[in-house]
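Below is one structure, written out as structure tokens, with a few remarks after it.
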Amino acid sequence: MSLPPGFLDELRSRTSLTQVVGRKVIWDNRKSNQAKGDMWAPCPFHHEKTASFHVDDRKGFYYCFGCQAKGDAIGFVKETENVSFMEAVEILAREVGMEMPARDPRAQQKADRRGQLAEVMEQAAQFFRLQLNTGAGTEARDYLARRGLDAAALERWEIGFAPPGWQNLWDHLRGKGVEEELIIAAGLAKPSNKGGKPYDTFRHRIMFPIRDARGRVIAFGGRAMDPTDNAKYLNSPETELFDKGRSLFNHGPARAAAGKGQPLVVAEGYMDVIALVEAGFAAAVAPLGTAITETQLQLLWRISDEPIIALDGDKAGLGAAMRLIDLALPLLEAGKSLRFALMPEGKDPDDLLRAEGARAVQAVLDAAQPMVRLLWQRETEGRSFDSPERKAALDKALRERIKAIRDPSIRSHYGQEIKDLRWELFRPKKKPRARGQGAFVAGGWKGRGAVLEGPAASTKSSFLVAAGDAAETHMREAVILATAISAPELIVEFEHRIEAMGCADSDHALLRDLILRNAETDPGELKDRIAAAAGPETLENLYRLRHVAINPCMRKPGDIDLARKTLAQEFAKIEALRGGYAEVAEAEEELNGMADEAVTWRLGQAAEARSRSYRIELDGGGESVVAKNGLTLNKSDVEYRDKVFDNIDFTRGGRSRG
């Protein structure tokens, strides 16, 4: 079976030799440079311990310096799988999603025809170049000069001109003996609907030849000189040579430049590419009048692992970036991604180069954003997330986007990056204290003109009483943090309550942030990640606290029900404390004026709420009470004690009332 030459070219361009060879070898990571497609491994064709087998992924060839084996992806599959040439082609075609051409005994005739069409296109390119230097091309030359292109640049890019008139190119090619059918098949002319001669496709336009990776002219792009023309830019129609969704402007030269270390820059149009290359950005390409297709994206990744998409700084440019993200997400592989460089608003790369020079463009390229940042920007920019429902809608939208990523490792990393960005957006912010509200200090509550004193000197026997209620909050925060680290399965369940913790202590605030940012980490890795980020001494200080060490969760690791109960209780106590603080502060303000029964009632309600938070359901169905110093007491014992004290009349010298 004979295959058309174009089929093998496309197969090789779609196939990553590194991936094909990687199934049979173990890469030497010290010697290899994956970013440049320069890979080394022990040779699969002979036994050796050193890495003498070299793969150049950009050029698509391998070579062994030991046994001199060499070839391309087809040859590698043929040798390692012990199959014929056609079987190797079929294997690779299936992997990259290409359909094998039907068996055609006239395949050679088709190959010859493609060659004939390429020759016709080359003759057309020469005609257009000659026309640019005639009197008819004066206006076009002036325009190109204003765009900064001198004679040398025009020669390098083979820019030409299609003069006004209906049959200039047609008459020229027919005079050279080119068959009418070939001119039309090449897309250079169109049949007349009025029965006259076919007419030229391109008229009164600056002409840019479009070459394939092998350097053959396969199409043209024409820029209208008439400002009233409906189509400012016009590409050749699709032909046997040209498929615009599978082609790139400046493909061959850009591939060579990227192979020498130049970053691959993807612009929107011909003039952007030409301006970039002339300014020193040699590895620049452009799609051909359409949004980037899946095939073009694969071509880009064959040239560079991380192309930079340089888009115009307007709404249309940003929209194109977002469409490309949706296309790329399912296709992402380890080491294959995109970065996005958005030009200043209202400018394209050519505009920026002419206005500010190459350094300005380089600065924009250096600041290119990874895909995940642009994805986050799309879902959050210009939106308000001031309610739980809106936050939940954002989470759902981002989850749906990330689900499109097929590679589980990349999907996991995207999820972690999104979680970090989400945390930065929603992290608890310290709220300013309302005017006139009291402030809690170590010695008690300080309001406007009055201080409610803390414990007397004779009662400062415990840590909690000595430091005041702030120490109790600190203690309970420590228990919550230690419990969450020991039972990471519960972090998502208590996420909003953990977020709301004030954490005046800097170590506690750091641990809280790390717990939330790593909520979906594997439970076995959470503690190690936190220790690595916060430092092992931070965790050691947390676990060294006595009220943490004696917590039941520390003694029974893995008991999720106990951990859930502990978290619920500790949060209830902290929230009751905060509610009590607020009531006392407001009541204190009112006491500065006229006290009444309403103030007394509010203080009583605050005390009752705090009391309720200390009642814990025991496994046996009874109740216990947690004292202020952290001890758990039997409720019946406490009630008996209270009854005894109630029966003592201290005004009568401590004698019983009974």
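Read the figures in this text as sums done on the coordinates, not as results from a lab. Every value quoted in this text rests on a predicted model; they were computed, and no experiment measured them. Ideal geometry is used to build each Cβ from the backbone, glycine not excepted, and the neighbour counts take in all protein chains shown.
Points worth noting:
- The calculated FRET efficiency for the pair I26 and D171, based on their C-beta separation and a Förster distance of 45 Å, comes to about 0.10.
- Averaging the Cα positions of each part gives two centres, and for the range 313-329 and the range 1-78 these lie 34 Å apart.
- The protection proxy used here, the mean number of other Cβ atoms lying within 10 Å of each residue, ranks peptides 501-508, 235-242 as follows, highest first: 235-242, 501-508.
- If the segment from K36 to E240 were pulled out straight at 0.36 nm per residue, it would be longer than the present Cα-Cα gap by 70.1 nm.
- Among the listed pairs K36/K232; K244/K419; K176/K244; K24/K336; K49/K70, those whose Cα-Cα separation exceeds 30 Å are K36/K232; K244/K419.
- Extension gain, Q362 to V492: 0.36 nm times the residue separation minus the Cα-Cα distance gives 42.5 nm.
- In terms of its alpha-carbon gyration tensor, the range 126-206 comes out prolate; a/c meets the 1.5 threshold, and the first ratio a/b outweighs b/c.
- Potential lengthening between E99 and S192 on full extension [0.36 nm per residue; Cα-Cα distance subtracted]: 29.9 nm
- Beyond 21 Å in Cα-Cα separation lie the following of the pairs K31/K59; K315/K396; K403/K527: K315/K396; K403/K527.
- The label-point distance for E381 and H47, in a model that sets each label 7 Å from Cα toward Cβ, rounds to 6.0 nm.
- Total formal charge among the other residues, if their Cβ is under 10 angstrom from that of L169, Lys/Arg +1 and Asp/Glu -1: 0
- Sorting 563-575, 273-285, 138-150 by their mean Cβ neighbour count within 10 Å, with the most densely packed peptide first, gives 273-285, 563-575, 138-150.
- Pair E575, K260: separation of 7 Å Cα→Cβ label points (nm): 6.7
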